[in-house]
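Comments concern the structure below.
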Amino acid sequence: MSILSDHRSDHLDAISRQVRRWILQSTAAADSGHPTSSLSAVELMVNLMFGGVYRFAPNQPECPANDHLIFSKGHASPLYYSLWAAAGLVKPEQLSSYRQFGSQLEGHPTSRFELTEAATGSLGQGLSIGVGMAISAKYLEHSPSRTFVLIGDSEMAEGAQWEALQLASHYKLDNLIGILDVNRLGQRGETMYGHDLEAYRERIEPFGWRCILIEDGHDSQQISDAYAELGRDDGRPVMLIARTIKGKGVPSIEDEGGYHGKPVDDDAFARTMARLSGGGESILGEFEKPLAYQSDAKESRRPEPMDYHVGAEVATRDAYGNALKRLAVRYPELIALDGEVCNSTRAKTFRDAFPDRFFEMFIAEQNMVGAATGLALRGKTVFVSTFAAFLSRAFDQIRMAPYSGAPVKFVGSHCGVSIGQDGPSQMGLEDIAMFRTIQNGIVLYPSDAVATECLVDLMAAHNGIAYLRTTRGKTPVIYDRSDHFEIGGCKVLRKSTGDKVTLIGAGITVHECLNAHGVLQKSGIACRVIDLYSIKPLDHATVRKAADETEHLFTVEDHFPEGGLGEAILTSLSDHPTPVSCLAVRRRPISGKPEELLNAEGLSAEKIVDAVISAVQRNDR
C-alpha cells in the first residue's frame, strides 16, 4: 500500500481541478469535443503522470528509458493535451486552439502534436501499439521503459483488443500496463458490462494478465495503491480496471447518457468553472526521472551480393525471404513480423537466421499491424508479411499508421488468381487498390528475384509506408544483379521504333507480356513491353512517352480492375487521347491450375495476343 502524504494528495487534487477546467475551457472554445470522456479519467492520469509513477525526461523526449503513454481512447484528447500543459510542455493558452484549423491540438491526437506517441481514435488500436512498444523495450532495447495505455470500456468490444491481450501474455510483457476507464457509458448508451469490474477481470485474467481493481477511480489514495502494485516483473502484463464516472466534476451530467461528444452547456459550464476556480498561476506537476540505461550501438555492414543468374526459376516470395536475411546486416534495426505463415511468405528464412529479430504474431492481423506501428515508432525497420488477402482484415490499422508517422513495410504474398488451386479466399485481388489509397504510400510489384531484392532494400531505406506484392509460383530471373531499380521507376523490356502497341504489366503478368510480345512480333505487330514494378509512384514520363509513340496501351494485371495498375495508368493519362485497355480479373475466380486461371481471366499470353490483334484490326478498319 502507498500512503499519500497530505501535501502530495492536495497537490494532485489541485492539478486534477486545473485539468478539469482546461478540459471544459478547450471544448467550450471549440464548441465540440469529448469533455465527458476526458473527465472520467482525470485522476487516473494525473496520479500516473505526476504521482511518482511515470518516468519521463522532458528535456530528452527521445530517451529510450522514458516511459510511454498511449491514449487508445483518443477522443479523450482534451485530457491528453491538458496533462502536457500541466507538465509545462504545452502553454495553457494554446489549449484554446483545440480543434481549430491549423492547430496541432487536433480532435484526436496525431503525430502533428510532437508528444503524441501514436495516433488513435479509431478505437481498439492503442493496446496493440503498446504491445509493439513493449516488445521493443523488453526484447530489442533491453530498456527499463514501460508502456501505459489508457483504454475506454466501449473499445473492449473490439476484437483487436483481445488479439493484443493474448499476444502480450504470450511474450510476457510485464512492462505493459493497461488502464481501463470503466465509466459505463458509450456513445449511445451503456456499455456491454456497465460498471461491473468483475466482468472485465473474469475475461482478462484468463488471458494471462494480472488485474488490479480500483473501486473508485477518482480517489487518489486508491489509485496510488494500485500503481504501487506495479513492478513485480512476474512476466504478466497488468490491467488496472477502474470504476469511474463519465462527466465527473460537472454534477448535472455525471453518469448521465446523452452527453457524449458534446461540450457542456453554458449554465453547467459557468457553475462548474466557479466551483473549480483556482489561482492565476498554472500548477505544474513533475515526472519521475527515467532509470539509468545505456543503449548499445548497432553497426551497419555491407551485405553479401545477390546470387541469381538470368533464366533461373525463382519465386519472388523466396527472394523476399532471402532479401531480409541478406540485408539484415545493412539494417541492424530490421525486424520481421509474420502472421503464422512464414513458411509460405518465406519470412522463415529470416527467422531461422535471426530468431531474436523475428516475432510471430499468429493469425491476428489487426494486432500484428498495430504492434508493427509500435515497433516502428521505436525506430525499428519493421517488415510485416502475410497473404495479401489477409491484410485487408487490418486495413483500419494500416490506414492509421501514417498519422502516427510509423513507416511500416508490408509484404503480401499469394497474390492474384495465379496462386492456383487454393481458390478465391486466399487470392489477394484487392491489395493494390487498398495500398494505393494510403497517402504517400509506396506500392511495388517485382517480376523476378533480382527486382524483389532490390526493392526490399529500397523499402527498408524509405522513410514511409511501403507495400511489396510477391508471387507464389516461380518466375524466370530476367534482370542482372547489376540492374538499377528505384521507387517511381519502371523497366522498358522490349522496344522498337515501329512499336504499334504497348503492353504494361507488373509481377506475374510481365512474363505473360513478354511471351505475348514474341507471338505478336511473328504476327507482324511490333509492341513495347514495360515492367511497371513501381505502381505508386509510377513513372509518368515513361508511360506518357509510350502513349505518345504507340497507338494503343494494354495494362495486364492479376488483380481486380478497380483501383489497380490499369486505373493508375488511366489516371496518369487522363488528358491523353491514346486508348488504354485494361486486362484484369473480371470473372469470379475459382480453384484451378495457375495457367488455367490466368487464361480464364484473359491474362495469359494467348489472351493478351487475342486482345491486341482484335484492337489492331478494329483500329485499322
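The values are calculated or read from the model by the stated rules, or taken from the named source; none is laboratory data. Predicted model, so just to flag it, every value in this text is computed and none were measured. We place every Cβ from the backbone using ideal geometry, glycine too, and count neighbours over all the protein chains shown.
Laid out as a table, the results:
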| read-out | value |
| --- | --- |
| Filter result for residue 254 (assigned to a loop (DSSP other than H, G, I, E, B) and either among the hydrophobic types (A, V, I, L, M, F, W, C) or farther than 21 Å from residue 74 by Cβ (or both)) | yes |
| Condition check for residue 292: hydrophobic (A, V, I, L, M, F, W, C), surrounded by fewer than 20 Cβ atoms within 10 Å (Cβ to Cβ), in a helix (DSSP H, G or I) and out of contact with any Asp or Glu (no Cβ under 7 Å at 6 or more places or on another chain) | no |
| Search result, residues across region 427-466 that are surrounded by fewer than 21 Cβ atoms within 10 Å (Cβ to Cβ), outside any helix (DSSP H, G or I) and aliphatic (A, V, I, L, M) | 438 |
| Residue in region 609-617 that is in contact with a Lys or Arg (Cβ under 7 Å, 6 or more places away or on another chain) and over 18 Å from residue 557 (Cα atoms) present | yes |
| Selection count, region 576-621, where residues are basic (Lys, Arg) and part of a helix (DSSP H, G or I) | 2 |
| Given (1) in a loop (DSSP other than H, G, I, E, B); (2) surrounded by fewer than 15 Cβ atoms within 10 Å (Cβ to Cβ); (3) modelled with pLDDT of 95 or more, number of the condition residue 303 does not satisfy | (2) |
| Wholly enclosed helices (runs of 4 or more DSSP H) of region 345-409 bearing at least 1 residues in contact (Cβ under 8 Å) with a residue 60 or more places away in the chain and not polar (S, T, N, Q) | 365-377, 395-404 |
| Residues (in contact (Cβ under 8 Å) with a residue 24 or more places away in the chain and assigned to a helix (DSSP H, G or I)) located in region 264-284 | 269, 272, 273 |
| Verdict on residue 362 being at pLDDT 95 or above and at negative phi | no |
| Count of residues meeting criterion [among the polar types (S, T, N, Q), out of contact with any strand residue (DSSP E or B) (no Cβ under 6 Å at 6 or more places or on another chain) and modelled with pLDDT of 95 or more] in region 31-80 | 7 |
| Residues that are within 24 Å of residue 398 (Cβ to Cβ) and not in a helix (DSSP H, G or I), drawn from region 329-344 | 331, 333, 334, 335, 336, 337, 338, 339, 340, 341 |
| In region 231-243, residue surrounded by the most Cβ atoms within 10 Å (Cβ to Cβ) [restricted to those that are in a loop (DSSP other than H, G, I, E, B) and out of contact with any Lys or Arg (no Cβ under 8 Å at 6 or more places or on another chain)] | 231 |
| Close pairs (6 angstrom Cβ cut-off, 6 or more residues apart or separate chains): within 16 Å of residue 61 (Cβ to Cβ) in region 285-303, surrounded by 15 or more Cβ atoms within 10 Å (Cβ to Cβ) and among the hydroxyl-bearing types (Ser, Thr, Tyr) anywhere | 287/54; 293/143 |
| Helices (runs of 4 or more DSSP H) lying entirely in region 1-114 (those with 2 or more residues that are crowded, with 23+ Cβ neighbours inside 10 Å and touching a Pro at 6+ places or on another chain (Cβ under 8 Å)) | 6-30, 35-39, 77-86 |
